[in-house]
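The values are calculated or read from the model by the stated rules, or taken from the named source; none is laboratory data. On a predicted model such as this, the values are computed, not experimentally measured, just so you know. Every residue, glycine among them, receives a Cβ derived from its backbone with ideal geometry; neighbour counts consider all protein chains shown. Ligands, DNA and RNA are excluded from the accessible area calculation, which covers all protein heavy atoms including side chains. Shrake-Rupley method; radii C 1.70, N 1.55, O 1.52, S 1.80 Å.
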Amino acid sequence: MYWNTRKRKIDDILPWSFIETGVNPSFLWEEYQRGLEEKISPPCVKENCHRCGICDGKTLTIREGKSAEIPVPGKRGRKDIRKKGMKKKIRLKFRKVGEMRFLSHLELVHLFYRASKRADLPLCFSEGFHPMPRIIFATALPVGMESLTETVDMECEGKTSPPEVMERLNQTLPPGIEILDAEEVPLFFHLSSLPNPSVYWIPLDHVLSKGEAIPKVKEALDKKEFLVHQERDGKKRSVDIRPLIEKMEIKEKKESTGEGFEWGVELILRKAKGRTAKPIEIVGAILGLEGEPLAQCKVIKLA
């Protein structure tokens with residue numbers, strides 16, 4: 001190790017000494033010594049300059065270039081670089097139905113970003129070493145759940161209007177995802193401040209009878225505490241779901257085919273911090289459903 005890191009002498013043979021660069025080794029040694037003494041070397045001149053050994057005055061000569069001034073950007077320059085248009089936040093209402101319900105939340109985020117690029121929308125990006133598009137969803141839907149009304153905020157630049165954003169995105173989004181409404185909101189309006197509870201519809205006519213469901217729902221709502229046992233990351237825990245339930249009611253609704261009526265549960269859940277439960281977990285615990293009957297239940301988010 002010492003042999004490789006020792007101080008060199010002018011007559012030492014270096015690993016790259018076999019390369020003919022045209023520069024005299026003595027010139028490099030002199031420059032090295034001048035650098036150690038913090039001395040400035042004079043610039044090359046056009047005539048009679050043979051210091052390094054490359055120029056012979058005939059075949060190779062010095063060509064002087066014109067001096068160029070590099071302007072230092074001031075406040076005005078930085079403002080011009082960053083000014084790409086006024087930022088605006090556009091709040092979109094969309095639905096996610098059909099086969100699109102099997103997309104995960106991360107896949108949905110990528111889908112909206114790719115659709116925005118195809119639509120040529122002037123998106124805003126976060127700052128830092130890894131800029132990300134400013135596309136923020138209100139909630140993360142579980143895989144397999146349909147939703148008739150979801151909310152997403154997109155920050156754009158320029159004079160793009162909300163109707164134009166909605167029209168462009170609907171042309172690039174796949175079937176099953178459709179923008180229903182678009183409006184501009186102030187930049188300081190955050191989705192976390194939305195107080196609206198979540199409303200779910202779970203059809204149950206193919207799982208159990210209405211006579212069995214009604215007393216079970218009434219019994220659960222009469223309790224002050226209703227524990228649901230969960231397993232998260234290999235650990236078991238208990239969650240009190242009663243404070244989460246704002247309303248749970250047996251209702252009849254017209255089928256999507258329009259041929260008749262179906263009955264089910266309309267579940268309204270409050271937004272809460274800390275431990276929560278999925279709508280399918282709540283319905284299964286209250287109605288005593290598990291396994292295949294619970295897996296057959298279809299959850300649709302209405303709002």
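Does Gly158 satisfy the criteria of being at pLDDT 90 or above, in contact with a strand residue (DSSP E or B) (Cβ under 9 Å, 6 or more places away or on another chain) and among the small types (Gly, Ala, Ser)? The answer is no for Gly158.
Results for (1) acidic (Asp, Glu); (2) without any contact (Cβ under 8 Å) to a residue 24 or more places away in the chain, shown as yes or no for each residue.
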| position | (1), (2) |
| --- | --- |
| Glu167 | yes, yes |
| Asn196 | no, no |
| His206 | no, no |
| Ala213 | no, no |
| Val239 | no, no |
| Arg242 | no, yes |
| Ile245 | no, no |
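Within the stretch 2-18, residues that are part of a loop (DSSP other than H, G, I, E, B) have Cβ atoms under 6 Å from residues that are surrounded by 10 or more Cβ atoms within 10 Å (Cβ to Cβ) and of a type in the set (A, V, I, L, M, F, W, C) in these pairs: Ile10/Trp29, counting only partners at least 6 apart in sequence or on another chain. The set of residues in the stretch 116-148 that are open to solvent by less than 50 Å² (accessible area, probe 1.4 Å) and under 14 Å from the mean Cα position of the chain (by Cα) comprises Ser116, Leu123, Cys124, Ser126, Pro133, Ile135, Phe137, Ala138, Thr139.
If you go through the stretch 173-188 one residue at a time, do you hit one that is in contact (Cβ under 8 Å) with a residue 60 or more places away in the chain, within 27 Å of Ile245 (Cα to Cα) and open to solvent by less than 30 Å² (accessible area, probe 1.4 Å)? No.
Against the conditions (1) in contact (Cβ under 8 Å) with a residue 40 or more places away in the chain; (2) over 30 Å from Val152 (Cβ atoms); (3) of a type in the set (Asp, Glu), Glu231 satisfies every one except (1). For Leu227, the conditions (1) modelled with pLDDT of 85 or more; (2) under 30 Å from Val97 (Cβ atoms); (3) not charged (D, E, K, R) all hold with the exception of (2). Remark: pairs (first residue in the stretch 87-116, at pLDDT below 95; second residue among the basic types (Lys, Arg); Cβ separation under 6 Å; 6+ apart in sequence or on different chains) are absent.
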